[in-house]
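Please read the structure below before turning to the comments.
The values are calculated or read from the model by the stated rules, or taken from the named source; none is laboratory data. Model, not experiment: these values are computed from the prediction. All Cβ positions, even for glycine, are placed from backbone atoms using ideal geometry, and neighbour counts span all protein chains on display. Keep in mind that these areas ignore ligands, DNA and RNA; they rest on the heavy atoms of the full protein, side chains included. Shrake-Rupley method; radii C 1.70, N 1.55, O 1.52, S 1.80 Å.
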Amino acid sequence: MYTLLIVDDREIFRRQFKRFPIFRDNTQFQVRFEAQNGQEALKILHQEQVDVMITDIRMPVMDGLELLGQARKEQLCPCIILLSEYADFAYAKQGIVLGAFDYVVKPIEQEALRELLDRCKAYLDALAKGSRQGNNALRILPSLILKNDDYAQNISRQLAQRTLEQHQGDIGQLWQIFCDILMQIGQQILAERPHMELYCETSRLFSMQQADGPQELADRFCEQIAQMQKEFNKFSIRSKSELVQSVCNTVVKNIENNLSLRSVAGLHFVNQAYLSHLFKRELGMGFVDYLTMVKMERAKILLRSNLKIYEISQQLGYSDTEYFSRIFKQFTGLTATEYRQSRTE
């Protein structure tokens, strides 16, 4: 039996919802929990096992979209359905983009609810089966990505094919499962390298738009794994020297702390000239070149925020905004303004 949480600020609606005959006829679902806003719902989700959450969009304290976003971020519930009025249709569509399983329009018709719960059951059954059979692949894939191992692509293709075999037909359900897998992988990686959150933007975004069928969706999943691997390993340096590896990690973690060769050498208790020579020998680039590369990658992330360009320049240790802009153009081929515009079009 799957447990269900109903979230709505109107008590009368929650009471009527629980009285739907479907919950007497269909023993696969039981309404065990209820909440009057998103904040109450989150407390329940943190304390109880909830398989399906049906939540209104418009609520005080915390609305349905905020609740959806937080629940998806923390992976608190595998199947979240939005309740909306006809006037809230645009919000419902936004919820689908954020990862909602589906939405249902008020007033709820029993047949529509029955059909929706049947799809929820099929999805949850398949998810449980897939999680068991795909457990080994999910266990080793994050470590392969972090090692920048080419075998990660073989594993991702195996995982995609197994998922296709288990979830034939419903492309929407398949997309949801691929999204969940990507989220799990990303969270496992960031648990080991939390500082990389500063540099990882879109590797976990996944779209099913214009997918011709399940196979193309599976191919996109594999491409997303490849992009995730590229993004997480952008600054990974293959060096036999543990000192160089440690220096590189220090730079990535503290790029906004006005680092220099002298300061980093001091942090590692080594001679500045020795570190410079070792860095050049091991990586084929100077320390300053590596530092600049990491700064420019961080600048690309910051340019997607609302920070002004001079603020970004100062944040990365460049007191001269024009100098920062010249370096950025040398690195990307675009000025900071051009880069920002290209990402908003």
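Could you state how much accessible area residue 323 has, in square angstrom rounded to the nearest 10, with a 1.4 Å probe and all protein chains kept in place?
100
Using protein chains only and a probe of 1.4 angstrom, how many square angstrom of residue 253 are accessible, to the nearest 10?
110
Could you count how many Lys pairs in the stretch 254-345 have their Cα atoms under 18 Å apart, skipping same-chain pairs fewer than 8 positions apart?
Values: 295/308; 295/329; 300/308; 300/329; 308/329.
Lysine pairs meeting both conditions in the stretch 254-345 amount to 5.
For the pair residue 187 and residue 105, how long in nm is the line joining their label points, each one 7 Å along Cα→Cβ?
Once both label points are built, they end up 3.3 nm from each other.
Determine, for each peptide in 221-228, 118-125, the mean count of other beta carbons within 10 angstrom over its residues, then list the peptides with the highest first.
Values: 221-228: 19.4, 118-125: 16.9.
Highest-to-lowest ranking by the protection proxy: 221-228, 118-125.
Please list 51, 63, 25 from largest to smallest accessible area, probe radius 1.4 Å, with all protein chains kept in place.
Values: 51 20, 63 50, 25 105 Å².
Result, largest first: 25, 63, 51.
Residue 28 to residue 310: extension gain in nm, 0.36 nm per residue of separation minus the Cα-Cα distance? Don't skip to the answer; put the middle values down first.
Numbers: separation 282, 0.36 × 282 = 101.52 nm, distance 5.80 nm.
Full extension from residue 28 to residue 310 adds 95.7 nm.
So what are the three principal axis dimensions of the stretch 1-46 from its Cα atoms, in whole Å, longest to shortest?
Cα extents, longest axis first: 31, 24, 8 Å.
Please identify which residues in the stretch 139-159 have an amide N closer than 15 Å to a label point set 7 Å out from the Cα of residue 226, following the Cα→Cβ vector.
149-158
Each residue of the stretch 219-230 in turn: what ³J(HN,Hα) in whole Hz from Karplus with 6.51, -1.76, 1.60 and θ = phi - 60°, glycine and Pro shown as x?
With coefficients 6.51, -1.76 and 1.60, one gets 4, 5, 4, 5, 5, 5, 4, 4, 5, 4, 4, 4 Hz.
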